[in-house]
Amino acid sequence: MFHDSFDGAILTGTIAPFDEHQNALAVADEVALQFDELDLQQAQLRFVFVAGVMISGGVVVLFHPVSFMAKRPDTIPLVQCGIIRQITQPQDPTVNSETLKTQFRQQAQGALSLNIAFIGVTGSLFTTLYHLQSATAPALAEAARLDAGYVIRWCDAAYAFGYLEAEGDTFNLTSMGEAMRPEASDSLMPMAVQSVLSAHMAERAAGLLHSGERPGEVVLAERATVLPWFGPMLEAGFGSMFENTICPAIPAFSEVDARGGLVLDLGCGNGWYLRVLARHYAHLRGLGLDGFAENVAQADARARTEGFAGRLHFEQGDIHDFTLQEPADLIAMNRALHHVWEHDRAGIFAWLHDNLKPGGYAVIWEPAWPTERSALRDPSRRALSFQNLSEHIQGNHLLQPGEIVAAFAEQGMQTQVYRFADDNEAVIVARR
Ligand SMILES: C[S@@+](CC[C@H](N)C(=O)[O-])C[C@H]1O[C@@H](n2cnc3c(N)ncnc32)[C@H](O)[C@@H]1O
């Protein structure tokens, strides 16, 4: 009953637990504001919890897109509803077992919902159905060049979880299904990919608990369906924050652009950072280095598609043995410094210093590990604690901005720390 668009008035009239005289929009407003303070964007959530109603003993969680709220804070229609994920405070041990069971069943459903979305994302099923507008499962399978048996089962599951609507045997996307398309603006795709990557990491951590072995970066490449989505997931998760918030706040970029300078991106992923810079600054040149061939191939292809083949180049290689042909005007590392920190912190910082032109900048963007453990309880930081566990498998750990500042100071470099996303993201700019 929640798969279609509802506005507050319909909701008020339809759902019994809402007081008929209560304005559902006002209720939504109140709760949305409360949760807005938690910086849901940082938690990679695209939907804000706006209200919960008890129906047959279960809590139905209502969401609407963050982006929509930002554009039209005055009107908050409940455009999509469903049990996607329940945002709760950490468990109180005195809560009775039935309540706990209900809560955990809902959380399990949230995970299942994202797992089903992952299949639709990686199999291009959302995108294909979007172009077809409507199709039977076999017709969708044929258009997506996939096995009909699997697609028939997927359509049932995607229907059950509200990604598809059905008329007879013909399916079409709901607005939630449309939002899962990787091409959709503010796509929900990163959450689907992250959910399966997290499950993979949890399974690896469980298996490594006894031996203490830390296999390294290789664990990221162990799932053939996840690896190609690693770059797009990070791009969709952080690209707009960089473009709209971080880039304008850091004057080093326009300074380097004015002299047609070289920006080196170490651990560049699929190259989105350099593509954003190339779009905004007409003169700077970019070189990206990454250890995974898949990332470099995507970075190359995307730079070509966007017409930057002459200005942006990408190489596969290891940061620890890389030789730069000319000193750089700016060296960027986005979520990459923590990957090399444990292996050779002093060597990396000496390398950064020595490969920058005098007056050049190192721009380091890292998730900010909090100084107090209690900060991890904040819903916007819980995912960081899981990330740190999965970083441990890879031989890494997340860093406090102060540690990065101290490492630059050892090289005699002055730093400025910029904080974004409710202090969860830190950009440290150091000048040689
Ligand atoms: C979390 S990802 C960030 C990717 C990209 N900077 C972004 O923001 O989307 C870290 C990247 O660093 C790369 N990396 C880690 N250690 C590396 C090394 N020693 N040499 C080259 N690349 C490395 C990984 O392949 C991965 O693409």
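Distance in nm between label sites at R145 and Q316, each 7 Å beyond Cα in the beta-carbon direction?
Once both label points are built, they end up 2.2 nm from each other.
Work out the P(r) tail for the stretch 181-287: percent of alpha carbon pairs separated by more than 24 Å, whole number.
41
Quick one: net charge around F308, please, counting Lys, Arg +1 and Asp, Glu -1 for every other residue with C-beta under 9 Å from its C-beta.
Overall, the nearby charge balance is +4.
Alpha carbon centre of the stretch 115-134 versus the stretch 338-376: separation in Å?
Cα centres, the stretch 115-134 to the stretch 338-376: 39 Å.
Let me know the Kirkwood hydrodynamic radius for the stretch 98-196, please, with Cα pairs as the basis and the value in Å to one decimal.
Kirkwood radius, the stretch 98-196: 13.6 Å.
From the phi of every residue in the stretch 398-409, what ³J(HN,Hα) in whole Hz does the Karplus formula 6.51 cos²θ - 1.76 cosθ + 1.60 yield, where θ is phi - 60° and glycine or proline is x?
Karplus-based 3J(HN,Hα) across the stretch 398-409 equals 6, 10, 7, x, x, 5, 6, 4, 5, 5, 5, 4 Hz.
Rounded if a/c is under 1.5, else prolate if a/b beats b/c, else oblate: with a ≥ b ≥ c from the C-alpha gyration tensor eigenvalues square-rooted, which is the stretch 226-431?
Here the stretch 226-431 falls in the rounded category.
Since every read-out is calculated from the coordinates, none of them should be taken as a lab result. Since the model is a prediction, treat every value here as computed from it, not as a measurement. Positions of Cβ are generated from backbone atoms using ideal geometry, with glycine treated the same way; all protein chains shown enter the neighbour counts.
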